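Participant: Mind having a look at this structure? Questions to follow.
Computed from the coordinates by the stated procedures, all read-outs in this text should not be read as laboratory data. Not measured: the values here are computed from a predicted model. Heads up, the Cβs are rebuilt from the backbone with ideal geometry, glycines too, and the neighbour counts pull from every protein chain shown.
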Amino acid sequence: MILHRAIAIDGPAASGKSTLARILSKRLGLIMVNSGAMYRAVTWKVLRDGVDPTDRAAVVDALRGMELECGVDGLSSTVKVDGIDPGDELRSEEVNSNVSAVAAVPEVRECLVSLQRDFLKLGDVVMEGRDIGTVVFPETPYKIYMDADPSVREARREEVGEVDSVAARDHADSRRETAPLKIAEGAAILDTSGHTIETGVAAALDILRSQGFLMSTEDGSSPL
Ligand code: DC
């Protein structure tokens, strides 16, 4: 049973999901959940323990042995593994290149999806990831699928100095057997290639109005 409302934002790497989720969170007073950070946290721990991320049985073993703690700081989701917040290490090159393998393990997904659904007990959420509209909250009417040209997405990562093989991750995330990245039923597609942040947010607010999250007169600048 849905206790609060969820906006599901899915899309490939660097399509603008986090930026949009952060702005919607601020403007609409929603809890922002970065589900990718949770997959990254498990990957960080797997690597730290010297476990082979491509060895599914070993990853499941490692998962069973770790304590994952999800919470909220202000309006943003947090994740700790065995009491440690990995911080910037979540976005290291090593995590970037191994997270897709760990995220493809069904047991990892099952565990994290359950933790993701728990955020709805705390309030209305905007959650971004790859399977939010298809698996985590398939019943929510508020769904956006974000995309952008691969060249635009690679450039966005380079701009912030991050080493991230966006194309390889997208390939793996879209082709895995469990919960691959795809457009959820009922999702509105928002291609941000030609958008600035401002025009992209305006387009997202229009979508949320058409989906009934916002009243047609609301401008999305104050908490609901
Ligand atoms: O959103 P991100 O790029 O930080 O996500 C990192 C990886 O985690 C991504 O390559 C695939 C995985 N992921 C996933 O499988 N499902 C989600 N809901 C979110 C992320």
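Participant: Cα to Cα, under 20 Å, and not fewer than 8 places away if on the same chain: which lysines meet these conditions relative to Lys26?
Facilitator: Partners found: Lys17, Lys121, Lys143.
Participant: Please give the Cα centre distance for region 12-54 versus region 159-210, rounded to the nearest Å.
Facilitator: First find each Cα centre; the distance between them is then 13 Å.
Participant: Using the Cβ atoms and a cut-off under 10 Å, what net charge is assigned to the surroundings of Gly16, where Lys and Arg are +1 and Asp and Glu are -1?
Facilitator: Details: positive: Lys17, Arg153, Arg156; negative: Glu128, Asp147, Asp191.
Net of charged neighbours comes to 0.
Participant: Another question, then. Tell me which aspartates and glutamates have Cα within less than 17 Å of Lys45's Cα, excluding those fewer than 8 residues away on the same chain?
Facilitator: Hits, sequence-local ones excluded: Asp55, Asp61, Glu67, Glu69, Asp82, Asp85, Asp88, Glu89, Glu93, Glu94, Glu107.
Participant: Can you check what the net charge comes to around Asp147, using other residues whose Cβ is under 11 Å from the Cβ of Asp147 (Lys, Arg +1; Asp, Glu -1)?
Facilitator: Result for the neighbourhood of Asp147: -2.
Participant: Using the C-alpha atoms of region 65-141, what convex hull volume per residue, in cubic angstrom, is computed?
Facilitator: Residue-normalised Cα hull volume stands at 115 Å³.
Participant: Ignoring solvent entirely, what values of log10 I(q)/I(0) come out of the Debye formula for region 26-157 at 0.10, 0.12 Å⁻¹ when each Cα is a single scatterer?
Facilitator: -0.34, -0.49
Participant: Determine ³J(HN,Hα), in whole Hz, for all residues of region 197-206 in sequence, where each value follows from phi through the Karplus function 6.51 cos²θ - 1.76 cosθ + 1.60 and θ = phi - 60°; x replaces Gly and Pro.
Facilitator: Result, rounded to whole Hz: 4, 4, 6, x, 5, 4, 5, 5, 5, 4.
Participant: Sticking with this structure for a sec: Provide the per-residue ³J(HN,Hα) series for region 86-99, in order, calculated from phi with Karplus coefficients 6.51, -1.76, 1.60 and θ = phi - 60°, each as a whole number of Hz, with x at glycine and proline positions.
Facilitator: x, x, 5, 5, 5, 10, 6, 4, 5, 5, 3, 8, 10, 5
Participant: In region 103-222, how does Rg compare with the Kirkwood Rh, expressed as the Rg/Rh ratio over alpha carbon atoms? Mind dumping the intermediate values first?
Facilitator: Numbers: Rg = 15.8 Å, Rh = 16.1 Å.
Across region 103-222, the Cα-based Rg/Rh ratio is 0.98.
Participant: Quick one: give the max-minus-min coordinate of the C-alpha atoms of the chain along each principal axis, largest first, in Å.
Facilitator: On the principal axes, the chain reaches 54, 39, 30 Å in Cα extent.
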